[in-house]
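Take a look at the structure set out below.
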Amino acid sequence: MDIELLYEAILAGILLGCFYAAVSLGLSIAFGLLDVPHIAHPAFLVLGAFATYVLVGHGLDPILGGVLLMPLFFVLGLGVYQFYYVTFERRGTDQGLRGLAFFFGIAFIVEVLLILRFGVDQRMVEAPYIGQSLELGDTRVPWRMIVAFGVALVLMLGLTIFLSRTFIGRAIKAVAQDEGALRLMGADPVRIKRLAFGLAVAITALTGALLIVVGPVDPGLGRIYIGRTFCVVVLGGLGSVPGTIVAGLILGVVESIVLSTAGAAWAPAVAFGILLLVLAVRPAGLFGR
Amino acid sequence: MSDTLLAVQSVSKHFGGFTALSEVSVDIRRGERFGLIGPNGSGKTTLINCISGALRNDSGAIRFEEREISRLPAYQRTRLGIARSFQLPRPFSSMSVLENLVVPLEYVVHRGSLHTADTHREAMEILRSIGLADKAQTLASRLTQVELRKLELARAMAARPRLLISDEAMAGLSSAEVDEILAILFRLNEAGITIIMIEHIMHAVMRFSQRVMCLDAGRIICEGTPAQTVANADVQRAYLGT
Amino acid sequence: MSTGTVRFLIGAAIFLALAYGLTRLVSNEYVFFALYVVLQFIVLATAWNILGGYAGYVNFGSGAFFAVGAYTGVALYKALATPILLQVVAGAFVSGLLGLAVGALSLRLRGIFFSIATVAVAIVLETVVVNTPYLGGAKGLPILRPEPPALFHSYLEWTFFLMAMLAVLAVFCARYVETSWIGRGLRAIRDNEGAAECSGVPTLKLKLFAATLSGALMGAAGAPFALYLSFIEPTSVFNLNYAVSALAMPIIGGMSHWIGPVIGAVLLGTVQQLVTVTISSELNVLVVGVLLVLFVVGAPDGILGLVRKLRRPKAASAAGAAA
């Protein structure tokens, strides 16, 4: 393969990878740290994308729209977790299957509702940075990818700081490791987990906006992103935000290279292929707990 | 046939940066009543998990009847004759008490020759010996805490083990119930079963054990007769602090 | 053979006789199309439940196993014009292998990883099929039906009867597993895998067995698909509806007994047909999803569980031996 094309693919891959990492952050918290079988995460992502689409229809910038959606999605996350906790987690061991089926059902319902409201066609948004490219020497880098990269970076940085410097952030990390100890410290693990899940879904609102900035979105996209988000979270290692970032970059680059060599039909399968490989070889991932 | 049933040689186990067991070695003699004590977090259950196969030890060797078992999956160790009860009961909640016992009977004792009538009768015998016979048809999910503990023990007994490990079977029981469980364990031992008992109820451990070993922070700090262990300064310090 | 088994076999024989009688008496093709779909769901739901309901491992990619059976049948038919029974055997074999492979990969890990692996397999295989011209690619492949065998008017009636036989086979397998020591081991795994392992249950082997059997039955259900429809294309075979239905039907019907998936398949399959025909196919899919969530949340033991609660006068004993 031509070295120029390889450079371009890698560059595109890094921008894409950062985006994939950001898109997986919600899952990294919900599943990686809280152990919730949140298979509906990609569905919420697509929901965020379509909600952004609606806001853009009213004249808002997509990123701004995503930020404005965050409080709404936060409340949604609180509600979903509370319901999940009361119905499933509290009852003990046998509920694994039910919890999983529940989230699968939710994902499915979200997808169908989106189809009923918006149809199966792809939707796009417009913004000053969508459609234009930056010229860097011989390569052209789409501005929308740069914007997504930037927002993703800020988001990940913000989350890392939040988890390590604030009390609630550290409590979230603690609840992932030792609920009992947290209880002894006077904090209520359920409240912390609920906040964490709310945070995860709130982040998903913004990253959903990034989703529709980066490319067109249709309701069926959620299924493809099950592969990408779980690939990133599992490859990175459950519970590790730095792992999510590294894994996102790896996925982005590999997918980008496959895209240039084998074509668009095979790109979605890359994430699933890597995921199967990781599960077979090293299920703990790169930085797993 | 040597005197040693279970030989634990220099077993270590780490969880990430945390060392749960550090070079633990002990020989359990055939037919012995062996007590294992230590403060919370000292590694007792981790050691039991490594012996029973719920965990793999990182280094060292575990020999049962002269045979190295550290690479064997847990179900094969049970079939060789090692059974354990769990500290927090893990019943098969969708099954009756009786059926809970049928599982080890079918999968350990009667592999290759299954006659339902016999397994039910055997299971009832075990339930009778432990005082759960009237709950035979009750769903395991409806048992009280005490009954669940007895079920744990009964299920381990149903595997007809040569080595039975009881992990805090008496926690939270009344003193009459503790005596009941002790009586059962004594009877099993008289029938030839080697028993390792983990307990916090000191008088029970001291009455029951011929030898006692104390762990602290993953290391053996004392091994000897009950009297020797109680008198040992390190043991006292581990439990009561300096 | 126990009396229960004898009664079951007699019931199955009567069922098949009725099915055959139907082909002699009814000539409206639509009836057979519709019944075929319901019978197909019985096989899929029953197959799903062997791994999902009995062992507790949730397959989100049933469509893949179904599709592998279908495309194995197509490939064999295209290459060698084999009779349909051979396609069924081949489809079952290949899908069974797929179940074994996915299981070997992911059943050592926590349940959710197996579930994700099944999604992964579904998408990867769909991508492979779409990019394989021999199998028709994205456009699909029309299939010419051969002449029906001697006892049947039309090939459609023959595939309908074949699916009836497969339904009986699937239920027979499920019932055998459920009432045997294998079923008890699977239930132990579902209730508490760690304790099962310590009670001598070879958990990995049993899970692999269940995954293989489940996959094989799903593949058998898929194999006649191309000849039933005279056409095959990826979106209809890999349809998410199969994945969701295969999961929803046992949950709604009841996962603890072999009759649960049958009830779920018949009820939900009929509802689906009605909604699709009277309202829309999107709404049909929504109805399945909503029912799934409602039952998972409110009636986890399914319709069987609800019926049991209604009949039970006092505190229960354990579920007795199956019929």
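See the values below:
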item	result
Considering residues of the range A:99-126 that are in contact with a Pro (Cβ under 8 Å, 6 or more places away or on another chain) and either among the charged types (D, E, K, R) or under 20 Å from A:Y85 (Cα atoms) (or both) only, the residue surrounded by the fewest Cβ atoms within 10 Å (Cβ to Cβ)	A:R123
Positions within the range C:106-128 being more than 7 Å from chain A (Cβ to nearest Cβ) and among the aliphatic types (A, V, I, L, M), in sequence order	C:L107, C:V121, C:A122, C:L125, C:V128
Condition broken by B:I196, with the remaining ones in (1) within 22 Å of B:S129 (Cβ to Cβ); (2) in contact with a Pro (Cβ under 8 Å, 6 or more places away or on another chain) satisfied	(2)
Subset of the range C:111-129 [closer than 15 Å to A:F31 by Cα and aliphatic (A, V, I, L, M)]	C:I112, C:I116
Test: residue in the range B:111-132 that is on the phi > 0 side of the Ramachandran plot and out of contact with any Lys or Arg (no Cβ under 7 Å at 6 or more places or on another chain)	yes
The range B:27-43, residues that are surrounded by fewer than 19 Cβ atoms within 10 Å (Cβ to Cβ) and under 24 Å from B:F64 (Cα atoms)	B:D27, B:R29, B:R30, B:G31
Members of the range C:143-180 found to be of a type in the set (K, R) and crowded, with 18+ Cβ neighbours inside 10 Å, listed by number	C:R175
When residues of the range C:246-296 are limited to those that are assigned to a loop (DSSP other than H, G, I, E, B) and modelled with pLDDT of 90 or more, the one farthest from the other protein chains (Cβ to nearest Cβ)	C:W258
Residue in the range B:72-122 that is surrounded by the fewest Cβ atoms within 10 Å (Cβ to Cβ), counting only those that are more than 7 Å from every other protein chain (Cβ to nearest Cβ), at pLDDT below 90 and assigned to a loop (DSSP other than H, G, I, E, B)	B:G112
Residue list for the range B:101-128, filter: under 21 Å from B:L164 (Cβ atoms) and out of contact with any helix residue (DSSP H, G or I) (no Cβ under 7 Å at 6 or more places or on another chain)	B:V109, B:R111, B:E125, B:R128
Test for A:S260: is it part of a helix (DSSP H, G or I), on the phi < 0 side of the Ramachandran plot, of a type in the set (G, A, S) and surrounded by fewer than 22 Cβ atoms within 10 Å (Cβ to Cβ)	yes
Odd one out for B:K150 among (1) free of Cβ contacts under 8 Å to residues at least 40 places away in the same chain; (2) closer than 16 Å to B:R30 by Cα; (3) under 16 Å from the mean Cα position of the chain (by Cα)	(2)
Flag if B:I196 is surrounded by 19 or more Cβ atoms within 10 Å (Cβ to Cβ) and within 25 Å of B:S42 (Cα to Cα)	yes
All positions within the range C:179-228 that are under 20 Å from C:L44 (Cβ atoms) and without any contact (Cβ under 8 Å) to a residue 60 or more places away in the chain	C:F209
Among (1) within 18 Å of the chain's Cα centre (by Cα); (2) within 14 Å of another protein chain (Cβ to nearest Cβ); (3) under 21 Å from A:I29 (Cα atoms) - the single one A:F83 does not satisfy	(1)
Criterion violated by B:N232 - all others in (1) of a type outside the set (K, R); (2) within 30 Å of B:N57 (Cβ to Cβ); (3) in contact with an Asp or Glu (Cβ under 9 Å, 6 or more places away or on another chain) satisfied	(3)
Count of the range B:209-231 residues which are hydrophobic (A, V, I, L, M, F, W, C), over 19 Å from the mean Cα position of the chain (by Cα) and assigned to a strand (DSSP E or B)	2
Selection count, the range B:57-71, where residues are within 15 Å of B:E23 (Cβ to Cβ) and not hydroxyl-bearing (S, T, Y)	5
Qualifying position, being in a helix (DSSP H, G or I), more than 21 Å from A:A271 (Cβ to Cβ), at pLDDT 90 or above and within 14 Å of chain A (Cβ to nearest Cβ), among C:G103, C:G96	C:G103
Residue in the range A:132-182 that is surrounded by the fewest Cβ atoms within 10 Å (Cβ to Cβ), counting only those that are of a type in the set (G, A, S) and outside any helix (DSSP H, G or I)	A:G137
Index of the failed condition, A:A51 passing every other in (1) in contact (Cβ under 8 Å) with a residue 24 or more places away in the chain; (2) surrounded by fewer than 23 Cβ atoms within 10 Å (Cβ to Cβ); (3) not β-branched (V, I, T); (4) not in a helix (DSSP H, G or I)	(4)
Condition broken by C:L151, with the remaining ones in (1) more than 14 Å from chain B (Cβ to nearest Cβ); (2) on the phi > 0 side of the Ramachandran plot satisfied	(2)
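This table checks each residue for (1) surrounded by fewer than 22 Cβ atoms within 10 Å (Cβ to Cβ); (2) within 14 Å of chain C (Cβ to nearest Cβ); (3) in contact (Cβ under 8 Å) with a residue 40 or more places away in the chain; (4) not small (G, A, S).
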{"residue": "A:A209", "(1), (2), (3), (4)": "no, no, yes, no"}
{"residue": "A:V213", "(1), (2), (3), (4)": "no, no, yes, yes"}
{"residue": "A:P219", "(1), (2), (3), (4)": "no, yes, yes, yes"}
{"residue": "A:G222", "(1), (2), (3), (4)": "no, yes, yes, no"}
{"residue": "A:R228", "(1), (2), (3), (4)": "no, yes, yes, yes"}
{"residue": "A:C231", "(1), (2), (3), (4)": "no, yes, yes, yes"}
{"residue": "A:G248", "(1), (2), (3), (4)": "no, no, yes, no"}
{"residue": "A:A267", "(1), (2), (3), (4)": "yes, yes, no, no"}
{"residue": "A:F272", "(1), (2), (3), (4)": "no, yes, yes, yes"}
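The values are calculated or read from the model by the stated rules, or taken from the named source; none is laboratory data. Worth saying up front: this structure is predicted, and the values here are computed from it rather than measured. When we count neighbours, we look across all protein chains shown, and the Cβ atoms used for this are built from the backbone with ideal geometry, even at glycine.
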